[in-house]
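Okay, so here's the structure we're looking at.
Each value in this text was obtained by applying a stated rule to the coordinates, not by laboratory testing. On a predicted model such as this, the values are computed, not experimentally measured, just so you know. Cβ placement follows ideal geometry from the backbone for every residue including glycine, while neighbour counts extend to all protein chains displayed.
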Amino acid sequence: MRRKISLFLLALSFFTILLSSHVSAEIDGISDEKLNKVNTYVKEQFQNAGIVGGSYAIVSNNQVIAANGVGYRDIKLEKKAMAETIYPIASVTKSLTATAILQLQEQGKLKVNDRVQKYLPWFTYKDKEKSKEVTIQHLLTHSAGVDRFEADGAIFTDEKKNRNSLENSIRALRTVDMTSNPGKEGQYCNSCFNTLGLLIEEVTGMSYYDYMKTNVFEPLGLEHTAFGEDLKTMESKDIAKEYSWFFGFRNTNLLNYQTFGKSQDPEGGIYTNSLDLAKFVSATLGDETFSLLNQDTLALSYEGVVPTEHKSWQYTNGGFEVGMLSDQRVLYKGGDGIGSSSVVMMLPEENIGVVLLIGESNSEPKQDIAKGMLQILIGGEPTISEFPPPLFKMAGIFMLVVTIICTIILAILGWSFYKRITRENHSIKIRWWRICLMILLLIGWLLIGYLLLFIKITQIGFNGYPYDIAIGLIVIEITLLIGLIYNVCLLLFVKRRFKRWIAL
């Protein structure tokens, strides 16, 4: 009889546990079925987009409930990507830098409404009067009033001096025009967060790196997180290859931290894995186990302050963008490195967040995939998208074609000039046509020259251009110049004059 009672009680306990687990799953709203669906969805989207590999993690109610690798971290050696694989997260770094600034506000060491010049008296853009009005909040919300490309390009005023010096790179901003009043509109601003990194150093008396390690990385238990220069000191060797593009082909010769330099670390220099980044997401959602900020400050970090360039989103004090997803508030931050892409996306009211790391320079898919993951987790249907090829891949292929065409044109011009110098003088009609062509060639040559000298589209490569694009532009410039010289010679050196010139 006792044995029957014991078996009954054991069975009752077993079914109670099962029922409890089922109820818990229903409360969380995230069943194994949903997690499996997310895993299948991410793999399919990676395949659709042709992504080499990456990883993801899912946070719910302050726990990492799923994390997986997708594809490869090294194609050549056929090494699979894992949740532990380390990737550069590029601009997602901004959110961690913003967290450090908000910590300092909680400690009473600064206020986000303080003017930057209170701590960096020498800080200025070209407009010295407007620069006085720039506040820490303007830096946090990308609303300092400067154009992204011009501000990023300031480093090229003296690249050797500025690339690895945080202070020098910020001092270089004194040549940058202000396109609007501070706080008026959002204009994505990498240099704003590098300035925040320097502010952290000024306020704390610590290096930016030491502060981040002591007050952000260590409290969160981020054992596999570091800035690029510190990667060699980490025990983990599970570091992904960084796949960028060169003339349309995958290239692993460029590393994010080496390409951008130390002066860009506060805005984009962190390397980490999905599991560590998920801890930051959990803290941002209010996990008291890994608390970096109090609840009031967290609420402040969620609030939209200035519309982004997309208008339906707003920049927040926490270094995020806030918008709506399925009638719910969603926080988002994405990053694009030289050989990686990354995203964190959260639903604060649901206490759900996702991390997505992509092991190549391919910015287009990341936001849609992260949205699709969240849609599955809250019981909806994911967004299924057709992704275009990576922008820099297509630009590289285009430049490769242009380079080949220009090389052929140069060969034809050389041969044609050799043949034409023995011909009779051209008619007036042909000369006028050739003068018009010369004008067009001159205009093209000046435009390409202006681009190369004054328009810096990135902080990388040759004078602000990825190397393949720079090579293509230089080849175009040379071809236009040779074409211009060729036509000038044909106009000036007719057969008789050319022979006289040769005789000399």
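Between Phe149 and Asp32, the FRET efficiency estimated from the beta carbon spacing at R0 = 51 angstrom works out to 0.65. Placing unit charges on the Cβ atoms of the charged side chains and taking the dipole of the stretch 50-377 about its Cα centre, the candidate lying farthest along the positive direction among Gly335, Gly353, Met373 is Gly335. Placing a pseudo-label 7 Å from each Cα along the Cα-to-Cβ vector at Ile75 and Cys489 gives an inter-label distance of 4.2 nm. Of all beta bridges that DSSP places with both ends in the chain, some 95 percent have antiparallel geometry. Taking all Cα pairs closer than 8 Å and separated by 6 or more residues, the relative contact order of the chain comes to 18 percent.
Can you give the translational diffusion coefficient of the chain in µm²/s, computed by Stokes-Einstein from the Kirkwood radius over Cα pairs at 25 °C and 0.890 mPa s? Translational D for this selection: 96 µm²/s. The stretch 248-326 and the stretch 343-422 have Cα centres spaced 22 Å apart.
When shorter helices are ignored and each DSSP H run of at least 4 residues is given -39500 (n - 2.57), the per-residue value for the chain at 222 nm works out to -14500 deg cm²/dmol. Helix 428-454 axis versus longest C-alpha principal axis of the chain: approximately 30°, rounded to the nearest ten. When the chain is described by a simple charge dipole with +1 on each Lys and Arg Cβ and -1 on each Asp and Glu Cβ, the residue from Asn36, Leu484, Gly461 located farthest towards its positive end is Leu484.
Against the longest principal axis of the chain, how steep is helix 391-420, in degrees 0 to 90 to the nearest 10, with axes from Cα atoms? Approximately 10 degrees, to the nearest ten. Taking the chain as a whole, the Cys residues whose C-beta sits 4.7 Å or farther from every other Cys C-beta are Cys406, Cys436, Cys489.
Each label was represented as a point 7 Å from its Cα along the Cα-to-Cβ direction; for Asn168 and Asp296 these points are 4.3 nm apart.
Note on the stretch 149-182 and the stretch 209-245: Cα centroid distance 26 Å, given to the nearest whole angstrom.
On the beta carbon distance between Glu349 and Gln107, with R0 = 22 Å, the FRET formula returns roughly 0.20.
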